[in-house]
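Encoded as structure tokens, the structure appears first; notes follow it.
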Amino acid sequence: MTIENKTIVQRALAGLIATGDVDTLASSLSNDFVHHRPGAAPSTRTEWLAAVQTALGPTAGMQVEILHLLADSDHVVVHSRRRLPGTGPEIVVVDVLRIDNGLIAEGWEIIEPVAQAAANLTWWEGTRH
């Protein structure tokens, strides 16, 4: 099951990253797909696909580099680095996707701007002994 779930996510992302077209991704999502992001209300399938199309569409030109793709049971984790064209911001993203009946049923996304990574570690530095 783990390898099959990883393949589902790889197939969904391959077309999206290559062309910016959300059709392949859309066909891999369940109808009741829910997307979660800290500090925001959950998104429906339709809402999330519209946001992805805006970010990755042909006119946006975001580059996505998959750094890690890991699977465990019904969850697949994608660690990626994303860049906007030119001098746009660079972000690192971790997506956790839950697979149900061969489709992506739920997703959680954590985003960190690379430029802010060092500042976000200050809380950690104070806890070391």
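The values are calculated or read from the model by the stated rules, or taken from the named source; none is laboratory data. These figures come from a predicted structure and were not determined experimentally. We place every Cβ from the backbone using ideal geometry, glycine too, and count neighbours over all the protein chains shown.
Results, tabulated for the structure shown:
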quantity	calculated
Residue in the stretch 23-51 that is surrounded by the most Cβ atoms within 10 Å (Cβ to Cβ), counting only those that are in a strand (DSSP E or B) and of a type in the set (A, V, I, L, M)	29
Members of the stretch 9-48 found to be touching a Ser or Thr at 6+ places or on another chain (Cβ under 6 Å) and modelled with pLDDT of 95 or more, listed by number	35
Yes/no for residue 75 being under 11 Å from the mean Cα position of the chain (by Cα) and either within 27 Å of residue 117 (Cβ to Cβ) or in contact (Cβ under 8 Å) with a residue 40 or more places away in the chain (or both)	no
Looking only at the stretch 77-89, and only at residues there that are charged (D, E, K, R) and farther than 20 Å from residue 36 by Cβ, the one that is surrounded by the fewest Cβ atoms within 10 Å (Cβ to Cβ)	81
Condition broken by residue 32, with the remaining ones in (1) touching a residue at least 24 places away in the same chain (Cβ under 8 Å); (2) closer than 12 Å to residue 108 by Cα satisfied	(2)
Residues located in the stretch 90-108, provided they are in contact (Cβ under 8 Å) with a residue 40 or more places away in the chain, touching a His at 6+ places or on another chain (Cβ under 7 Å) and either surrounded by fewer than 18 Cβ atoms within 10 Å (Cβ to Cβ) or among the aromatic types (Phe, Trp, Tyr) (or both)	108
Looking only at the stretch 2-22, and only at residues there that are assigned to a loop (DSSP other than H, G, I, E, B) and on the phi < 0 side of the Ramachandran plot, the one that is nearest to the chain's Cα centre (by Cα)	22
